[in-house]
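First up is the structure itself, then whatever we jot down about it.
The values are calculated or read from the model by the stated rules, or taken from the named source; none is laboratory data. Nothing here was measured: the structure is a model prediction, and the numbers come from that model. Ideal geometry is used to build each Cβ from the backbone, glycine not excepted, and the neighbour counts take in all protein chains shown. Heavy atoms of the whole protein, side chains included, go into the accessibility calculation; ligands, DNA and RNA do not. Shrake-Rupley method; radii C 1.70, N 1.55, O 1.52, S 1.80 Å.
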Amino acid sequence: MTDAPNYGFDTLQIHAGARPDPATGARQTPIYQSTAYVFRDADHAAALFNLQEVGYIYSRLTNPTVAVLQERVATLEGGVGAVCCSSGHAAQIMALFPLMQPGNNVVVSTRLYGGSITQFSQTIKRFGWSAKFVDFEDLAAVEAAVDDDTRAIFCESVANPGGYVTDLPSISAIADKVGLPLIVDNTSATPYLCRPIEHGATLVVHSMTKYLTGNGSVTGGVVVDSGKFDWSASDKFPSLSAPEPAYHGLKFHETFGPLAFTFHGIAIGLRDLGMTLNPQAAHYTLMGIETLSLRMERHCENAQKIAGWLEGNDHVEAVTYAGLDSSPYKARGEKICPKGTGGLFTVALKGGYDSCVKFVDSLNLFSHVANLGDARSLVIHPASTTHRQLTEEQQVAAGAGPNVVRISIGIENAEDLIADLEQALAASA
Ligand SMILES: *Cc1c(COP(=O)(O)O)cnc(C)c1O
């Protein structure tokens, strides 16, 4: 793409980061299915290994197809750089890795994707890290949870399993006040509906598995850096501000400025943790992103119609979609996601746990799967699946109590989806 900073989102989702292949003129970004790249000579190789010159060495670190995707997502999110990884969960570890030492903690929202709650409450302990879960509606509690060992604040923009919009401007004001980076998982909203960096986020993470690819074909993740955080303002982030022994004492922040986090993510994170995205997955995700805005508009339009219809159904106790007048988060959603709050919401059934199981089993067009953000409509009962590892208290705090079904509305005809929901609700009673 030629440098033209004022292109709109629809243009950038197709062109950002890409240019005709210099070797062949290929218009679509080729899948560079190559592990290694020939050095011009020994000096070139040495410069690359010393991080004195940017280029391709080995595909665990960088790959030309993946690089296009990195630039595309960074552009759409308004960041300075991005690191793609093998999954959304890998992206979360890659986001925390440069920030955290053993003994450090991260303050996280209780309203998160079930897998993230497990990753933060259990698995990160193996690294000597911990998470403090806080209700992010209670701003005083968020600030009070921050202590001398806290290194980041983490939340989702539109939280999975749906219907909750985080007050990003208020949370980022707290992060600024205490001098910590705010990490926002923007999976459910996508940069088309919400751009967390504009609301003060330092880093944005995605499961590209979901809406960015958009058709349930790929597992991938990405960390985008705003380039705005001053890693040297305190001694809390030595990985970025202090000399790095693995690179002859190089200081990432001093050397790479706003790109410090991105360079660290590649040169240390991908090099040594190896959670790399493969080029074929990057290609599928690039193709998905070309239609992101069109799909998100339809996801929102369908979700709005269907959530409204469900709210009037006799078997339904409540629907949590931030686009509904009944939602306490409607006004906030209009501010933070002015084009809509996505395709994800939950429905609570009057019949409880057993009704939910019958409802899910009776659907025909909706698929019962552990995924979301697909072109096709999906459904899951979190309490018996994704949130099964949690206590009932954690389930309720995460918006995934026993009588709650999570629905990911696809881009099919809304009438067909409503007809399927109607017959399954009748069968569930
Ligand atoms: C799916 C998801 C993840 C995890 O992503 P994977 O690609 O499955 O590893 C993290 N956060 C949110 C909000 C998700 O929906």
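Once you divide the Cα radius of gyration of the range 1-127 by 2.2 N^0.38 Å, the number left is 1.33.
Label sites at residue 54 and residue 242, each approximated as a point 7 angstrom past Cα along Cα to Cβ, lie 2.8 nm apart.
If R0 equals 30 Å, the separation of the Cβ atoms of residue 335 and residue 19 corresponds to a calculated FRET efficiency of about 0.25.
Hey, quick one: spin label on residue 139, modelled 7 Å out along Cα-Cβ, who in the range 311-349 has an amide N within reach, i.e. under 13 Å? Zone members listed by number: none at all. If R0 equals 45 Å, the separation of the Cβ atoms of residue 416 and residue 255 corresponds to a calculated FRET efficiency of about 0.20. Here the chain is described by how far its Cα atoms reach on the three principal axes: 73, 53, 36 Å, from widest to narrowest.
Treating r as the C-beta distance of residue 176 and residue 6 and R0 as 30 Å, the FRET efficiency rounds to 0.60.
For residue 335, the accessible surface of its heavy atoms amounts to roughly 130 Å² (probe 1.4 Å, protein chains only, rounded to the nearest 10). Of interest is the spacing of the C-alpha centroids, which for the range 198-245 and the range 312-339 amounts to 29 Å. Remark on the range 180-319: hydrodynamic radius 17.6 angstrom, per the Kirkwood mean of 1/r across alpha carbon pairs.
Measuring max minus min along each principal axis, the C-alpha atoms of the range 136-247 give extents of 43, 40, 21 Å (largest first). Using every pair of distinct Cα positions in the range 293-428, the Kirkwood expression returns a hydrodynamic radius of 14.8 angstrom. Taking 0.36 nm per residue of sequence separation and removing the Cα-Cα distance, the residue 393/residue 149 pair yields an extension gain of 85.2 nm.
Across all directions, the shadow cast by the convex hull of the range 283-324 built on its C-alpha atoms averages 3.7 square nanometres. The modelled label-to-label distance for the pair residue 45/residue 385, using points 7 Å beyond Cα in the direction of Cβ, is 5.0 nm.
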